[in-house]
Structure formats: structure tokens, C-alpha cells
1. In the Gaussian network model of the chain, springs joining C-alpha atoms below 10 Å, which of 183, 221, 144 carries the largest mean-square fluctuation?
2. Would you mind estimating how fast the range 148-299 diffuses translationally, via Stokes-Einstein at 37 °C and 0.692 mPa s with the Kirkwood radius over Cα pairs, in µm²/s?
3. Hey, what angle do you get for helix 106-119 against the long axis of the chain, alpha-carbon based, 0 to 90 degrees rounded to 10?
4. Just round it to a whole percent: the fraction of Cα-Cα distances in the chain exceeding 36 Å.
5. Mean-square fluctuation check for the chain, GNM, Cα pairs under 10 Å: which of 215, 277, 241 is largest?
6. Taking 7 Å along the Cα-to-C-beta vector as the label spot, tell me the residue 137-residue 61 distance in nanometres, rounded to one decimal.
7. How far is helix 64-85 tilted, in degrees, relative to the longest principal axis of the Cα atoms in the chain, given as a value from 0 to 90 rounded to the nearest 10?
8. Could you state the angle between the C-alpha long axis of helix 193-204 and the longest principal axis of the C-alpha atoms of the chain, as a value from 0 to 90 degrees rounded to the nearest 10?
């Protein structure tokens, strides 16, 4: 089979149409006419022999093939932009609004952003912390520029790259699990993926439970667990020295894997956003390699 090269120009047009919700807005953003944008999509469809976009009233709808291609296109454009940035240094200035999840390792991500701020003093950083589903909604509304958040199949729009992690059961070091009593859980509010995984896992294990405390931020959960109010699901990076990991010996089954995603709209990303997204990808790649036992690639 003859190799088919997918021009990044055509892929960028496809992503712009998806991100902005139509041909007209995409044409304005790309500085082209609407017929020119339509022609680029037809060229892309001809290359692949698949219909990618279908009209849906005043809106557009991706076909199944279009949805698949969009996932690859976002990754390809990210690699393209990263490669170009390594030769042509972007000018990092202006305002950058970043969303970080309170239901993941927010301190670890804040460290990366603080490092970026020290390296790029001309960038004004505005960091918003919230549950992942709230952050991706704000990104969709153009209220944020870059988001790191937990991923579900319902929240894959604007996903550029993802990583896997396994949550752990955490309790105070002196906490003893009573196998005859309902488990006391410390959790984020409804909508949190950690909370969902705890409840699904316990339902599958036919284990009774009760919510002892609800907190919207990770520090509230950490303090409650350390005080012995209950157990929760965390990642290793959010486990503190006054906690221990619970496992099968404590009568608790393993939790489902989670996916952490980096989200942004390519057409809205500034040079500063490109540099920060590359740094976040680097740090999350390193963390994933350490968890897999491959060590820190920076050493």
C-alpha cells in the first residue's frame, strides 16, 4: 500500500472547524474564505476515502471516521507544534488561563506552572482550580486556555494527550478498617472521578459504605483522612506522610485506572500556551515513567 501523507494544514483546518463549531467561524479564524475551508475538508476526505463531517441543521456533526481522525489530528498537531517550537522559539507574553484539577495531583502541577512562571516573567498566569468536569466546561466556553483534568468518554473534546494512573486507597497510619462496619468515605462532591471509582468498586465488591465528609479540594480530603475520619482514593503524589496505603489485606479491592488528559483548543493556543503545554507534557511523561518503574528520564 502506498503511504498516505496527511498535510498538517488540512488537519489544522479540521480541528479548527470542530473547536469553533462550524465552517464560517473556522474560515474567519484561519483567514480563509468558507469555500476554501470546505475544499480543504473535501481534500482530506478524498485522501482517506471517508466522509468526516456531516451537516446537522446549523451545526456540524463528525462521522465515526471523523471522530477517530480528530483524536489522531490533535496529537499530530501537538507534535508538529512542539517540533517547530524547538527550532523557532515562540515569544512567551500575555495572559494565560490554566485549569488544574482539585481531584488530581494539583500540587505537582502547580510546581510545574510555578517553574514556567519563573522562566517566563512576561507571561501573566491565572490558575483556576476546580473539579475536572467544571474545568473542561470552562475551556469549551473559552474561559480557560489550557486544562489538565481527569478524562471520561463524555469529556474527550479538545483532548490533546492522556496518561494513565491507578488510584490507591488511603487512610491514616493508625486507621483500622472494621470489616463488619460500613466503610467511612472521605470524598470530593458528586461528579469527581475518584468518588465514582470508589463507589463503583465497593458496589462490585458488595461492600456497604457511607460518606463521612465531602470536600471540594484535595487538602480538605488529606486533612480529614489524616485525622481518621475515613478513607479515600488518592494518587501516590497526593499521599502524605501521615497516611498509609490500604490493599487486599485490609479487605479492599483495587480501584479502576484513571486517565489524566491535557486539553486545549489549537486555534486558541498562544505561543505562551504552547510552551506551557509542552512543559506539562514533559512533566506528566516523567511522572508516568516513574510510576511504570522505568525511572526518571531526566536523570
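Read-outs throughout are calculated quantities, based only on the coordinates presented, and are distinct from any laboratory measurement. Given the structure is predicted, the values throughout are model-derived calculations rather than measurements. Backbone-built Cβ (ideal geometry, glycine too); neighbour counts: all protein chains shown.
1. Comparing 183, 221, 144 in a Gaussian network model of the chain, the most mobile one is 183.
2. Numbers: Rh = 17.0 Å.
D, rounded to a whole number, is 194 µm²/s.
3. Value to nearest ten degrees: 50.
4. Working: 12043 of 44551 pairs.
That tail contains 27 percent of the Cα-Cα pairs.
5. It is 241.
6. Each label point lies 7 Å from its Cα, and together they span 2.5 nm.
7. The angle comes out at about 90 degrees.
8. 60 degrees
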